[in-house]
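Trainee: Sending over a structure as structure tokens; questions will come in a sec.
The values are calculated or read from the model by the stated rules, or taken from the named source; none is laboratory data. Note that this is a predicted model, so its numbers are computed, not measured. Reconstructed Cβ throughout: ideal geometry from the backbone, glycine too, with neighbour counts over all protein chains shown.
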């Protein structure tokens with residue numbers, strides 16, 4: 001019962017703080033004209049969003065810092081290597097996204113960091129992650145819990161970390177195309193991983209990792225107050241890269257990397273449709289989908305934005321329930 005009470009308390013506190021931060025941040029960003037630059041392919045349908053402030057990811061990044069510091073100075077948490085890994089990953093990817101957003105705004109187009117520079121920064125984060133991971137005494141295992149299969153891949157685990165972080169961060173980034181879509185799905189995923197983390201008592205710092213998940217759940221609730229259709233702010237790469245990398249880091253530490261695919265099934269589908277579309281077009285010079293990521297295909301078919309978000313959320317909830325059944329209950 002104490003675990004449930006602590007989780008609810010963290011969600012409520014983080015929600016209140018994020019709502020307050022969001023209120024003032026929107027005013028500041030609007031005054032400074034920190035607006036989203038839209039893709040030329042979306043301008044017709046999303047024209048009304050062209051003056052919407054971006055960098056809304058600062059709402060949950062700042063909330064995470066504030067609540068985390070409060071927990072530390074009140075002796076509610078202790079600092080472990082594993083907790084440092086999660087926070088370092090989230091905040092580092094938030095910084096990468098912030099730089100990307102800043103360059104986009106500065107250049108008044110959709111060209112931020114080059115793919116090469118972004119990948120180099122992501123690789124640097126993965127190297128630090130791997131160093132701290134080994135320092136914490138973690139084993140380089142691919143672990144399939146339900147089948148109790150463990151495979152030691154030695155230093156290749158560093159490459160595995162890089163792959164998971166890059167894949168998960170880019171998957172959330174691609175999904176962030178409709179009001180409330182990526183934020184809501186991330187909220188569902190972090191709530192699921194918070195429950196999973198609570199059940200990994202063998203992991204050093206597992207309580208603090210669960211707390212991190214619940215702080216992000218509360219702050220995403222607050223963010224969605226301003227991000228639901230019609231959005232008053234977008235999370236930008238500042239938010240989407242941080243959320244995806246955060247999910248990836250927690251999946252790695254709790255040894256549920258494969259379960260991340262199920263929990264984030266909508267993110268996976270969104271990414272796969274982009275990959276399939278690209279290869280199909282190169283082979284046939286035709287498009288398999290009306291537009292990718294796939295949520296834009298539903299828009300082109302005439303579905304309302306709010307309905308698409310609602311249906312995708314339902315898929316995310318059902319997938320997370322199945323993941324909890326296999327990852328925790330079984």
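Trainee: Please determine whether any residue of region 306-327 is surrounded by fewer than 24 Cβ atoms within 10 Å (Cβ to Cβ) and part of a loop (DSSP other than H, G, I, E, B).
Mentor: no
Trainee: Further question on the same structure: For region 246-270, which positions are farther than 21 Å from residue 15 by Cα and under 10 Å from the mean Cα position of the chain (by Cα)?
Mentor: 248, 264, 267
Trainee: Now for a separate question. Using beta carbons and a limit of 6 Å, which pairs, at least six apart or on different chains, have the first residue in region 193-212 and assigned to a loop (DSSP other than H, G, I, E, B) and the second one surrounded by 21 or more Cβ atoms within 10 Å (Cβ to Cβ)?
Mentor: 200/254; 204/82; 205/82; 205/83
Trainee: Could you list, in sequence order, the residues of region 180-192 that are in contact (Cβ under 8 Å) with a residue 40 or more places away in the chain and either part of a helix (DSSP H, G or I) or crowded, with 24+ Cβ neighbours inside 10 Å (or both)?
Mentor: Residues satisfying the conditions are 181, 182, 183, 184, 185, 186, 188, 189, 190, 191, 192.
Trainee: Now, a different point. Just give me the residues in region 101-143 being outside any helix (DSSP H, G or I), in contact (Cβ under 8 Å) with a residue 24 or more places away in the chain and surrounded by 17 or more Cβ atoms within 10 Å (Cβ to Cβ), in sequence order.
Mentor: Within region 101-143, the first condition is being outside any helix (DSSP H, G or I), and the residues that meet it are 108-114, 136-143.
If we keep only those that are in contact (Cβ under 8 Å) with a residue 24 or more places away in the chain too, we end up with 108-110, 112, 136-138, 141-143.
Residues satisfying the conditions are 112, 136, 138.
Trainee: Residue 150 fails exactly one of the following numbered conditions: (1) buried (at least 24 other Cβ atoms within 10 Å of the Cβ); (2) over 25 Å from residue 270 (Cα atoms). What is the number of that condition?
Mentor: The one condition residue 150 does not meet is (1).
Trainee: Here is a check on your reading of the model: is residue 177 modelled with pLDDT under 95 and within 15 Å of the chain's Cα centre (by Cα)? Break it down stepwise before answering.
Mentor: On the way: modelled with pLDDT under 95: yes; within 15 Å of the chain's Cα centre (by Cα): yes.
Yes.
Trainee: If you check 209, 265, 233, which single one turns out to be under 27 Å from residue 299 (Cβ atoms), out of contact with any strand residue (DSSP E or B) (no Cβ under 7 Å at 6 or more places or on another chain) and modelled with pLDDT of 95 or more? Before you say what the answer is, go through the steps one by one.
Mentor: Values: 209 fails: under 27 Å from residue 299 (Cβ atoms); 233 fails: out of contact with any strand residue (DSSP E or B) (no Cβ under 7 Å at 6 or more places or on another chain).
From the options 209, 265, 233, the qualifying one is 265.
Rundown of residues vs (1) under 19 Å from the mean Cα position of the chain (by Cα); (2) closer than 30 Å to residue 29 by Cβ; (3) modelled with pLDDT of 95 or more, yes/no style:
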site: 65; (1), (2), (3): yes, yes, yes
site: 70; (1), (2), (3): no, yes, yes
site: 76; (1), (2), (3): no, no, no
site: 105; (1), (2), (3): no, yes, no
site: 117; (1), (2), (3): no, yes, no
site: 126; (1), (2), (3): yes, no, no
site: 144; (1), (2), (3): no, no, no
site: 149; (1), (2), (3): no, no, no
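Trainee: Could you tell me whether residue 168 is under 13 Å from residue 267 (Cβ atoms) and either surrounded by 23 or more Cβ atoms within 10 Å (Cβ to Cβ) or without any contact (Cβ under 8 Å) to a residue 40 or more places away in the chain (or both)?
Mentor: Answer is yes for this residue.
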